[in-house]
Every structure is written in structure tokens, then in C-alpha cells.
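Since the structure comes first, as C-alpha cells, the remarks are kept for the end.
The values are calculated or read from the model by the stated rules, or taken from the named source; none is laboratory data. All values derive from a computational prediction rather than experimental measurement. All Cβ positions, glycine included, derive from the backbone under ideal geometry; neighbour counts span all protein chains shown.
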Amino acid sequence: MMLQGEQSRPDVTVVQKMGQNIIDSVNQVIIGKSEVVELVLLALLSEGHVLIEDVPGVGKTILARATAASLGCDFNRIQCTPDLLPSDILGVSIYDPGKSRFVFQPGPVMAQIVLADEINRATPRTQSSLLECMAERQITVDGKTRPLSRPFLVMATQNPVEYEGTFPLPEAQLDRFFIKISLGYPTEAEENEIMIRLQHNHPVESVKAVVTPEKFVELQELIKEVYVEESVREYAVKLTQATRGHKDVLLGASPRGSLALFRGGQALAALRGRDYAIPDDIKRLAHPVLGHRLILQPESQLRGMTAKHVVEELLHTISVELD
């Protein structure tokens, strides 16, 4: 029986099945990081972008390549450096004498999955060239707007240790990332497994597409129909609102944070085989969705307070008000 005000429920079994196929495909390459792979898939299903902050050599680039290969998507890598220009990312119009006109040469951002490697080494001017494509799925060059292909994902990486010669991402850019994640070092057993798999050939070279980009876009549309009860939606909003009034927070999460929790909750529910979201879906995503959107008070940082502590405190103090 359908409740009053409740929309018709979608059949999410296809999301659950294909989602697991994608996760299994990427796990052939990324050892022991199933939760991280699932978060990347959730961002993709929610049409969001991913920021990976971790030390070199733990598989950030390989994660992006394996994800693109599993989805059958075009993949481009941008190696960010201080001398990188916006035109190096977006593209440029070059005069063609044979045609007697300027011809647009697309940049690496004109792909379905784009890896911006060490994004904080690019200058603020170059970093800002990604804002339009991340928020609106389009670029504007020479006054002409060009749409980007779907699905479209920017996966950016940065090193949390070596800050010399870097340009910290501004709040506006951080806010455009759906989630921020970290891979972490592998365990001893996992590192041994990596040695075995890499003995002859890199496993990423053998990853085959388990879904087409067109079918994946259909999945993105399908999760938007997952039912979110009013109390669950209000819980996501309350969590985001509470970050703005917390005593240790200088700048709280924007409405994009609420929307990311909402859309991510729908995607996680579908991956779990449910056509409705529950509060635990919101709780599961609170840390990767809200943490990077918070700027703490300087004195709170000196006391050792972190964004993780703030989000954890809010999860313990804010309850779901059921009707």
C-alpha cells in the first residue's frame, strides 16, 4: 500500500546488481579498499566529484583509471603544475590556414572521467577553470559554451604532507566536491597481494567495461526516484545546519552539503537494494560529505579539534524526529 504523498517506487535491483559488478571490477585492481570504491561509485551515481587526499603511491591514479575502464568511459589525466594554464585544461582555438578560420582544440577536461593529479599544485587561476565544468557540466571558451559528456566526474588528488609550492583549494572549489576520501596504506597481507598481482602485468590493463556509459546515465536518473521520507530529509538538513552554528566552526557546510547527503542517501539505498532511504544512509555519508566543507576556528584547531570530531559530535547529538 502506498502512503499519502509517497511517489511510485523505482525498481532498484538493476542499480544494486550493476553497482556490485562495478565494485567487483575495480576491486580486481584496488586491493582491500571496497568501502572507498563504493564511495566513489556513490559520487558517480549522484553526479558528484571526488577529492582524494593521500600520500603518493597508494593507488589514487589507478583508482581513477580502473573506475573509467569499468564504466567504459573516456579517461584523461591532468598533471597539475604551477605553470599549467586554464587553456591547457579547457582547450584553445587555433587558427587553421587551410580552413581560414579558428578551430577549437579540446582540452583534457573534455572526457567523461578526468583525473586532476595534485590539484593543489596548480595556481588559483587554473584551479578556478574547473569550477564551471564541475558545477554545470559545461565549459566556456572564447565566448562559446560547450556541454560535457555524461557521465562526467572530476577526481582530484592532493598530498596531505608536502605543502611547499602548493596553493590550497579555496572554499568555493572544495564545496564542489561531493566527497573527500582517503585510501590509506594497505595492510601487510594486502601489500603482499599487490606484489603478486603486479609480478607480470598491471591488472588495470585487463579491466573490462561491465556497463556502458549510456546505461550508467540511466542508473543516475533512476536513483533520483528513490523515496526519501520527510524525517530523513529533515535529518540531513539539520546535520548541515548544525555545522553553521557549532562553536568550533568558523564556516559551516553550504546547502550543497544537504543536497549531497540527500542524493548520496538515495544512491546508497539503491546500492543496498532498497527503494527508500533511511537515517543510517545519511549517517554513513556524513563524514566524507561534510568534513571537507568545514573551516574550524583557529583556536579550536590549536586545541586539536578536527572536522571529523565536529561531525562525530553532531551525529551523537542530533536525532531523527519520526512522525
For segment 298-311, indicate whether the set of residues that are touching a helix residue (DSSP H, G or I) at 6+ places or on another chain (Cβ under 6 Å) and part of a loop (DSSP other than H, G, I, E, B) is non-empty. no
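Quick check, is Ile62 surrounded by fewer than 19 Cβ atoms within 10 Å (Cβ to Cβ) and under 16 Å from the mean Cα position of the chain (by Cα)?
On the way: surrounded by fewer than 19 Cβ atoms within 10 Å (Cβ to Cβ): yes; under 16 Å from the mean Cα position of the chain (by Cα): yes.
Taking the combined requirement at face value, the residue satisfies it.
Pick from Gly91, Gly32: which is closer than 20 Å to Ala135 by Cα and not aromatic (Phe, Trp, Tyr)?
Just one listed residue meets the conditions, Gly91.
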Looking at segment 78-103, which of its residues are touching an Asp or Glu at 6+ places or on another chain (Cβ under 6 Å) and closer than 19 Å to Pro124 by Cα? Gln79, Cys80
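Got a sec? Which of Val141, Val217, Val207 is surrounded by 13 or more Cβ atoms within 10 Å (Cβ to Cβ), under 30 Å from Pro124 (Cβ atoms), assigned by TED's automatic domain parsing to the domain that holds Gly107 and not acidic (Asp, Glu)?
Val141 is the lone residue from the list that is surrounded by 13 or more Cβ atoms within 10 Å (Cβ to Cβ), under 30 Å from Pro124 (Cβ atoms), assigned by TED's automatic domain parsing to the domain that holds Gly107 and not acidic (Asp, Glu).
Residue by residue, here is whether (1) in contact with a Phe, Trp or Tyr (Cβ under 7 Å, 6 or more places away or on another chain); (2) more than 20 Å from Ile295 (Cα to Cα) holds:
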site	(1), (2)
Asn120	yes, no
Cys133	no, yes
Lys144	no, yes
Phe167	no, no
Glu171	no, no
Phe178	no, no
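Which one of Leu259, Leu250, Leu198 is in the same structural domain as Leu296 (by TED's automatic domain parsing), among the hydrophobic types (A, V, I, L, M, F, W, C) and loosely packed, with under 15 Cβ neighbours inside 10 Å?
Values: Leu259 fails: loosely packed, with under 15 Cβ neighbours inside 10 Å; Leu198 fails: in the same structural domain as Leu296 (by TED's automatic domain parsing).
On inspection, the qualifying residue turns out to be Leu250.
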Only one residue in Ala135, Ala69, Ala116 is modelled with pLDDT under 90 and under 18 Å from the mean Cα position of the chain (by Cα), so which one is that? Ala135
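I'd like to know if segment 310-322 contains one or more residues that are crowded, with 17+ Cβ neighbours inside 10 Å and touching a strand residue (DSSP E or B) at 6+ places or on another chain (Cβ under 9 Å). Please lay out each step first, then the result.
Quick first cut of segment 310-322, residues crowded, with 17+ Cβ neighbours inside 10 Å only: 310-311, 314.
Next, only the ones that are touching a strand residue (DSSP E or B) at 6+ places or on another chain (Cβ under 9 Å) stay: 310.
Scanning segment 310-322, I find at least one residue that is crowded, with 17+ Cβ neighbours inside 10 Å and touching a strand residue (DSSP E or B) at 6+ places or on another chain (Cβ under 9 Å), so the answer is yes.
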Tell me which helices (runs of 4 or more DSSP H) are completely within segment 143-257 and hold 3 or more residues being within 26 Å of Val12 (Cα to Cα), or say none if there are none. 213-223, 230-245
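Could you list all residues from segment 284-307 that are buried (at least 17 other Cβ atoms within 10 Å of the Cβ) and without any contact (Cβ under 8 Å) to a residue 60 or more places away in the chain? Spell out the reasoning first.
To start, the set of residues in segment 284-307 that are buried (at least 17 other Cβ atoms within 10 Å of the Cβ) comprises 284-294, 296, 300, 305, 307.
Within segment 284-307, Arg284, Ala286, His287, Leu290, Leu294, Leu296, Ser300, Met305, Ala307 meet the criteria.
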Conditions (1) within 21 Å of Pro288 (Cα to Cα); (2) within 18 Å of the chain's Cα centre (by Cα) -> Pro56 fails only (2)
Take the residues of segment 73-113 that are more than 20 Å from the chain's Cα centre (by Cα) and of a type in the set (Gly, Ala, Ser): which is nearest to Thr61 (Cα to Cα)? Gly107
For segment 258-296: of the residues being assigned to a loop (DSSP other than H, G, I, E, B) and not basic (Lys, Arg), which is farthest from Arg9 (Cα to Cα)? Leu294
Among the residues of segment 295-307, what is the count of those that are under 20 Å from Val50 (Cα atoms) and either over 19 Å from the mean Cα position of the chain (by Cα) or modelled with pLDDT of 95 or more (or both)? 1
